[in-house]
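Report on one structure; see the data block that follows.
The values are calculated or read from the model by the stated rules, or taken from the named source; none is laboratory data. Being a predicted model, the structure only gives us computed values, none of them experimental. Neighbour counts run over all protein chains shown; Cβ positions are idealised from the backbone, glycine included.
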Amino acid sequence: MPQGSPLGPRVLLRRLREIMAEPQDTQTRLNLVVSAIAANLVAEVCSLYLLRGDNRLELYATEGLNSDAVHQTFLQIGEGLIGTVAQTAKHINLSDAQAHPKFAYRPETGEEIYKSMMGVPIMRGGRVIGVLAVQNRTMRNYVDEELETLETVAMVLAEVAASGTLVDVETGGAGQIDPLHSHRLHGTGLAEGIVMGQVVLHEPRVDITQIIAVNPAAERQKLDEALQSLRQSVDRMLRTSELDRAGEHREVLQAYQMFAQDKGWTARLHEAVDSGLTAAAAAERVQMENRARMQKVTQPYLRERLQDLDDLANRLLRHLTGKTKVPSAEDLPDDAIVVAHTMGPAELLDYDRSKLAGIVLEEGSRTSHVAIVARALEIPMVGGVSDILDWVQGGDAIIVDGELGAVYLRPAEDVRAAYAERMDVQAKRQAQYEALRLQPSVSRDGVAINLEINAGLIVDLPHLDDTGANGIGLFRTELQFLISAVFPRFEEQRRLYATVLDTAGERRVLFRTLDIGADKALPYLEHGREENPAMGWRATRLAMERPGLLRYQLRALLAAGSGRQLNIMFPMICDIAEFVQAREMVEQELARLDRRGIERPATLRIGTMLEVPALVWQLDRLLPLVDFVSVGSNDLLQFFFAYDRGNPKLAGRYDSLSAGGLRLLSHIAHECDAHQVPLSLCGELAGRPLEAMALIGLGFRSLSMSPISIGPVKLMLVNLDVAAVGEFMGELIRTNREDIRAQLISFATSQQVPV
Ligand code: PEP
Ligand code: MG
């Protein structure tokens, strides 16, 4: 058999259109379809498998295999090569399929004589609904154009199958909905808050009725017009007042706007139209290619970018079909919980904010753009709820628990009652925190404790007022770099820092210089693979080797802080020389300001983070050189206990309230006190009331935490007798007890301190 090049998708698409138009019974139509594909691709076999309601793949039609096997051959998902295509939703292209470990021979089909195989998934709405495969006797290498043709045909078949003209409705389609039972589904909390409401299915897909172009020139024009109106609508979205207010996710959306202008994307759309597809089918074709890429990418940041492209493709489809974006405010229930496979940030913004109560996604992570936007708008959200779309129907009752990452579908009465109670308790707690918001953060016995928030993006800034915090004890500057597609320029950095200082006003801000590397790798900075990235090329180590990066950042910080109070600290300092070198760089930048006649900051304090145990044993020499110290307990304890803070298997294994860790922290507090150096702690410990109580007992007077923790920690503080806890902690540490946590809980209970 010759290594045939396809006659082109255009000819095949025309033939398929003719077949669909002829009045035939379903089976004859399917038989004609598979023979047309086989002929076009010069394949001896073409087979169509469809997924049934019982989740098995059934051979529905074949050209080349035994016709007796049709409707008699079944494969499980994951079984054989066909089952593997269905399971992975990825194509296979094998010149020697029989040598593949997954090859499963079905005697009734007579396929043992065929060597090569190319199979593609038939996808509908992000789900596999079947598999289309061709085979040849020779060890044939199918070329890329052939693969693309088969994928295009699979797309056409998906549309036809969905319209009901290919298969009987009773047998086709996976995932039966069980409308009677309630379900608890697990995911990850991506935006805090709990809500009860009604399911609204987000339908990004637009059904495309015509796949093959009748007038290609007109389709191209239609595509260009739709692209034009898409770009205008994205520009408009960026100008809306709500976004102005929310601020930070503008950067996410600006990247999105860039994608809408992307030349590569436009070129691929044009190519698809030129191959004979309608404009809408072309948009979907390119979207599917993008999805295939997305499946291969594991880097979360890049996945996000591809997700943005998917979102754009959905919008383009809507522009092409003239369908309105999402249900309008009148069509949404008052407590709409939108359920989707995945969603882009812009799609979320299409919903009427006053009706959108919560979001549930099958995909999504905390750093996904849609999650960033949801948190900014305070919409509770749970992601990573696999297969929820198989279980859910529009209008179902649903509870979204963004705290625990749980979703209850059609919740039973007792679950509803329990949640209603929890929401009630939360509302009361919230009212208590609200009442404390403007009160000074002073203990019962009159000791002032500085409670600050950790922040990193503009979107965090409103929390200063919401929580009544005293300032920002940790501003993670790397977050701006992480959400950007390229290095943020000097002016962008300066603007961010100036906005932070403007918003904070009299409240202090501790800016931490870039802490990139480890779990915060930048996609646009060549990093190389590291065995132990947490202990690798990161933070100040990296900054010293790329001094340009740090120099620019310091310049932006000093420019923003000109004439004001500015505090800068360096992360992951391991020895004194590193701090001295970093401080020296600040001095050079100050001299530069002087040369240019630019005003210096009114006060400039340079501090260090204390995150590496080695530095703790150099405090006597370090402290005279620094203006302040902030303990990064997340890293400090990770290195102290030699456990990976990101490894869920180790979470909770080492108690930070055990004698070892507490003695270390006590030593730090003691040394800083002796040298009169201001000390704070900004790791997760600070945000847990019991741990915060212990830290205050050790002598810490400044704690910085997630904004959400300010309320609970302040409530603990106003009920705490600092002198009593100080004495109690001193005793616990001296006696080296093993049950410190339990001791602290009983102390809090006896003193009526809410922890
Ligand atoms: C820490 O290590 O405690 C810290 C606050 O820094 P990050 O969590 O950003 O590493
Ligand atoms: Mg750290």
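Miscellaneous remarks
- Check on LEU610, crowded, with 22+ Cβ neighbours inside 10 Å, of a type outside the set (Phe, Trp, Tyr) and over 30 Å from HIS670 (Cα atoms): no
- Within the range 579-604, restricting attention to residues that are within 23 Å of ILE516 (Cβ to Cβ) and touching a strand residue (DSSP E or B) at 6+ places or on another chain (Cβ under 7 Å), the residue that is surrounded by the fewest Cβ atoms within 10 Å (Cβ to Cβ) is ARG583.
- Given (1) away from ligand 1 (no atom under 16 Å from the Cβ); (2) of a type in the set (Phe, Trp, Tyr); (3) not in a helix (DSSP H, G or I), number of the condition PHE728 does not satisfy: (3)
- Residues considered: SER630, SER666. Of these, the only one that is within 24 Å of ALA694 (Cα to Cα) and in contact with a Ser or Thr (Cβ under 8 Å, 6 or more places away or on another chain) is SER630.
- Matching residues in the range 254-271 - criterion: being at pLDDT below 90, surrounded by 21 or more Cβ atoms within 10 Å (Cβ to Cβ) and among the aliphatic types (A, V, I, L, M): ALA260
- Selection status of ASP655, more than 17 Å from ALA448 (Cα to Cα) and within 16 Å of ligand 2 (Cβ to nearest atom): no
- Single unsatisfied condition, ILE576 versus (1) within 36 Å of the chain's Cα centre (by Cα); (2) over 20 Å from ALA498 (Cα atoms); (3) surrounded by fewer than 18 Cβ atoms within 10 Å (Cβ to Cβ); (4) in contact (Cβ under 8 Å) with a residue 12 or more places away in the chain: (1)
- Set PRO488, PRO523: member being farther than 22 Å from ALA559 by Cα and either touching a Cys at 6+ places or on another chain (Cβ under 9 Å) or modelled with pLDDT under 95 (or both): PRO523
- From VAL370, VAL326, VAL338, residue being of a type in the set (A, V, I, L, M) and modelled with pLDDT under 80: VAL326
- Residue count, the range 691-706 (criterion: more than 16 Å from ligand 2 (Cβ to nearest atom) and either surrounded by fewer than 20 Cβ atoms within 10 Å (Cβ to Cβ) or assigned to a loop (DSSP other than H, G, I, E, B) (or both)): 3
- The criterion of being touching a residue at least 24 places away in the same chain (Cβ under 8 Å), over 23 Å from SER706 (Cα atoms), within 16 Å of ligand 2 (Cβ to nearest atom) and not acidic (Asp, Glu) does not hold for ALA556.
- Qualifying residue in the range 626-636 (condition: free of Cβ contacts under 8 Å to residues at least 60 places away in the same chain, within 16 Å of ligand 2 (Cβ to nearest atom) and in contact with a Lys or Arg (Cβ under 9 Å, 6 or more places away or on another chain)): yes
- Test: LEU349 is part of a helix (DSSP H, G or I) and in contact with a Ser or Thr (Cβ under 9 Å, 6 or more places away or on another chain): yes
- Some residue of the range 660-676 being within 16 Å of ligand 2 (Cβ to nearest atom), under 19 Å from ILE453 (Cβ atoms) and touching a strand residue (DSSP E or B) at 6+ places or on another chain (Cβ under 7 Å): no
- Any chance ALA534 is surrounded by fewer than 21 Cβ atoms within 10 Å (Cβ to Cβ), within 15 Å of ligand 2 (Cβ to nearest atom) and part of a helix (DSSP H, G or I): yes
- Set side by side, the residues GLU492, GLU478, GLU506 differ, and just one is acidic (Asp, Glu) and within 16 Å of ligand 1 (Cβ to nearest atom), which is GLU478.
- Residues (surrounded by fewer than 14 Cβ atoms within 10 Å (Cβ to Cβ), at pLDDT 85 or above and in a loop (DSSP other than H, G, I, E, B)) located in the range 104-114: none
- Here the helices (runs of 4 or more DSSP H) wholly within the range 1-103 that include at least 2 residues being under 40 Å from the mean Cα position of the chain (by Cα) and modelled with pLDDT under 90 are 9-21, 80-88.
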